[in-house]
């Protein structure tokens, strides 16, 4: 993408440097904030015509839903600016551009694809960070519904030998979160959105409103993947009470087993409990 194709956000105090990624729904740019004097990420939601030019067929109802979710992401994540484990939203411009904290070290998915399975101490840093994020969200009766490695952003510390270690994890992308106004109400038979490989059984198969234990199930899936270097594939996508093979991770096996129970009542009740 040439510089002439980049959005001009200079009237709002942002100099767009280049494109980081793109999809049919939108694009993400690297920018410099004049006010904060640092780099930020800018997520753009494309107009309906632009989305269709990318090859997607988008009807009016679908576009309105995407617009609503995009606005929701800005409004919700902006409430938790003091939590270092939730991606900070700095600005929301013209209902089209989200200005976010830029994580130069990338996502947990990037880390897993680069190094494979993580050491236990790093995996626990990530899992505990996600729990701190979910703890704050659930205080507001928010269920994320899309906790996965692609939405988990990392901060790394470089060692003298050139290697790196994970020191912090932050949860982002709140576009499909279940909010306070929904929680405890009826869904009228609508299925939950989400990423199939990281959905709890009740999110995948049910229509009832969820609580934080659904997000904790996703944390269990991620913890398993971090430790074993592969995605968890239990019977019918979830455990039926059997122990997770713990190998060298000893007590972590029992934690995983509790997180990955099909029966929501058998899991940890809250992030604090975990």
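The values are calculated or read from the model by the stated rules, or taken from the named source; none is laboratory data. Source: prediction; values computed, not measured. Reconstructed Cβ throughout: ideal geometry from the backbone, glycine too, with neighbour counts over all protein chains shown.
Side notes on the structure shown:
- Residues of region 125-163 classified as out of contact with any helix residue (DSSP H, G or I) (no Cβ under 9 Å at 6 or more places or on another chain) and either surrounded by 22 or more Cβ atoms within 10 Å (Cβ to Cβ) or modelled with pLDDT of 95 or more (or both), total: 6
- When residues of region 242-266 are limited to those that are more than 15 Å from residue 200 (Cα to Cα) and not in a helix (DSSP H, G or I), the one modelled with the highest pLDDT: 251
- Boolean, residue 180 is within 18 Å of residue 270 (Cα to Cα) and modelled with pLDDT of 95 or more: no
- Residue in region 154-163 that is farthest from the chain's Cα centre (by Cα), counting only those that are assigned to a strand (DSSP E or B) and either without any contact (Cβ under 8 Å) to a residue 40 or more places away in the chain or within 23 Å of residue 203 (Cα to Cα) (or both): 158
Listed here are the residues, each with its yes/no results for (1) more than 21 Å from residue 174 (Cβ to Cβ); (2) touching a strand residue (DSSP E or B) at 6+ places or on another chain (Cβ under 8 Å); (3) modelled with pLDDT of 95 or more.
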position: 4; (1), (2), (3): yes, no, no
position: 7; (1), (2), (3): yes, yes, no
position: 12; (1), (2), (3): yes, yes, yes
position: 17; (1), (2), (3): yes, yes, yes
position: 22; (1), (2), (3): no, yes, no
position: 47; (1), (2), (3): yes, no, no
position: 53; (1), (2), (3): yes, no, no
